[in-house]
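> My questions all concern the structure below.
The values are calculated or read from the model by the stated rules, or taken from the named source; none is laboratory data. Please read these numbers as outputs of a predicted model, since none were measured by experiment. Cβ: placed from backbone, ideal geometry, glycine included. Neighbour counts: every protein chain shown.
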Amino acid sequence: MSGNTSHWQSRTVLVTGAGGFIGSTLVDILVRRGASVRAFVRYNSRDDHAHIEDLDRDIRAEVDVYSGDLQNPEAVAGAVAGRDVVLHLGALIPIPYSYRHPREYVFANIDGTINVLEACRQRDVSRVVQVSSSEVYGTAQTVPIDESHPLNPQSPYAATKVGADQLALTYQRSFGTPVVLARPFNTFGPRQSQRAVIPTIITQALTRDRVELGALSPTRDFTFVEDTASAIAACGVASEVEGETFNFGTGEEHAVGDVATRILELLGAKLPVVATDERRRPPASEVARLVADASKARARLGWMPATDFETGLERTIEWVSRSLERFRPAIYTI
């Protein structure tokens, strides 16, 4: 965890993508640290604020929920107004869906990001944190992956994240917009959707007679959601880091098949784990290996993960087990 807890006292913050599982965890952390938080959530006619509604009642009462669409410049400008720090997590994320509708990712991830950047430039905010993804690196060419690793996006989603990241860095270089890039590796934990590998393993293990996944051999560096949220928060208050990129991960890699085996052991379940073609990425798009070198974040931000993988799995299993009504384990969710 970062030691910057007291730096958030009375700061005015906008969190985009606040209804997501990382965003809502970040909102929770910031409110507890004394920040004045505005949560940007995508408008819908149900007035549903997604995972913001899962926060403790006293935390929710402190959050200014702002509904809109990141593709609408006026909505973004209204959300940024009066904010000192902007933490930009809002994005379209599921990689399988990006194969079907890549144009939606351009609109959501690139147009949405330039709207945020332009609003921040016009309002002279003190810090903009652009939240990236380890997927921009593609399969590791050197291990562990540090911030100098070549960018090699292997999916439409990853390509739009590269585009959004480069836009953000360009705004810092061209206009002096105080941008920092936060690049988490694979985050997991409570509130994550079924489209992610760990929740889908858990839900299938609890309800089905076998676990169906895509490729079992790819490795990932899994970071617990509270640690990722604290990393993003650290980027929001650290001194003299404008224009910098920071990787966030544990430095440990776990093969997908091994993760499934460990979850089954924790659940006491003896089920087959099978790879199905439906769940595989296109061969040239599969990212075989991701593992972070987060030494720069340790040195410059004072950040280190506080939750080990086993504990994170146990906490995630506990949440999923009491939230099964939210999931549809029989359906492959892209």
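> Within the stretch 221-334, considering only strands (runs of 3 or more DSSP E) that don't extend past its boundaries, which have at least 3 residues that are at pLDDT 95 or above, touching a strand residue (DSSP E or B) at 6+ places or on another chain (Cβ under 9 Å) and within 21 Å of Q154 (Cβ to Cβ)? Full working, then the answer.
On the way: elements: 222-224, 245-248, 273-275.
Fully inside the stretch 221-334 and qualifying: 245-248.
> Quick one: what pairs do we get from the stretch 199-211, first residue under 12 Å from F188 (Cα atoms), second of a type in the set (D, E, K, R) and crowded, with 16+ Cβ neighbours inside 10 Å, C-beta under 9 Å, 6+ apart or different chains?
Taking only residues 6 or more apart or on different chains, the pairs are T200/E212; T200/R279.
> Only residues that are farther than 30 Å from E286 by Cβ and under 20 Å from the mean Cα position of the chain (by Cα): list them for the stretch 77-111, please. Walk me through how you get there before you give the answer.
Initial filter on the stretch 77-111 (farther than 30 Å from E286 by Cβ): 77-87.
Those that are farther than 30 Å from E286 by Cβ and under 20 Å from the mean Cα position of the chain (by Cα): V85, V86, L87.
> Sticking with this one: Output yes when any residue across the stretch 266-277 is β-branched (V, I, T), within 25 Å of D146 (Cβ to Cβ), in contact with a helix residue (DSSP H, G or I) (Cβ under 9 Å, 6 or more places away or on another chain) and buried (at least 16 other Cβ atoms within 10 Å of the Cβ), and no when none is.
Taking the stretch 266-277 and keeping what is β-branched (V, I, T), we get 273-274, 276.
Filter once more, so that each one left must be within 25 Å of D146 (Cβ to Cβ): none.
Scanning the stretch 266-277, I find no residue that is β-branched (V, I, T), within 25 Å of D146 (Cβ to Cβ), in contact with a helix residue (DSSP H, G or I) (Cβ under 9 Å, 6 or more places away or on another chain) and buried (at least 16 other Cβ atoms within 10 Å of the Cβ), so the answer is no.
> For I93, all conditions in the list (1) in a loop (DSSP other than H, G, I, E, B); (2) surrounded by fewer than 17 Cβ atoms within 10 Å (Cβ to Cβ) hold save one; what is the number of the exception?
Every listed condition holds for I93 apart from (2).
> Further, regarding this structure: If A77 satisfies every condition in (1) aliphatic (A, V, I, L, M); (2) crowded, with 18+ Cβ neighbours inside 10 Å; (3) part of a helix (DSSP H, G or I) but one, which is the exception?
Condition not satisfied by A77: (2).
> Can you tell me how many residues within the stretch 144-177 are assigned to a loop (DSSP other than H, G, I, E, B) and surrounded by fewer than 18 Cβ atoms within 10 Å (Cβ to Cβ)?
7
> Also, I was wondering about something else. I'd like to verify a number: residues in the stretch 19-60 that are surrounded by 23 or more Cβ atoms within 10 Å (Cβ to Cβ), of a type in the set (A, V, I, L, M) and outside any strand (DSSP E or B), how many?
5
> To continue, here is another question. For the stretch 130-143, indicate whether the set of residues that are without any contact (Cβ under 8 Å) to a residue 12 or more places away in the chain and not charged (D, E, K, R) is non-empty. Working first, answer last.
Kept after step one, since they are without any contact (Cβ under 8 Å) to a residue 12 or more places away in the chain, are these residues of the stretch 130-143: 141-142.
From what's left, not charged (D, E, K, R): 141-142.
Scanning the stretch 130-143 turns up at least one residue that is without any contact (Cβ under 8 Å) to a residue 12 or more places away in the chain and not charged (D, E, K, R).
> Also, quick follow-up: When F327 is evaluated against the numbered criteria (1) buried (at least 18 other Cβ atoms within 10 Å of the Cβ); (2) within 19 Å of the chain's Cα centre (by Cα), which criterion, by number, is the only one it fails?
All conditions are met except number (2).
> I would also like to ask the following. Among the residues of the stretch 178-199, which ones are of a type in the set (A, V, I, L, M) and surrounded by fewer than 22 Cβ atoms within 10 Å (Cβ to Cβ)? Break it down stepwise before answering.
Restricting attention to the stretch 178-199, the residues satisfying the condition of being of a type in the set (A, V, I, L, M) are 179-182, 196-198.
Those that are of a type in the set (A, V, I, L, M) and surrounded by fewer than 22 Cβ atoms within 10 Å (Cβ to Cβ): A196, V197.
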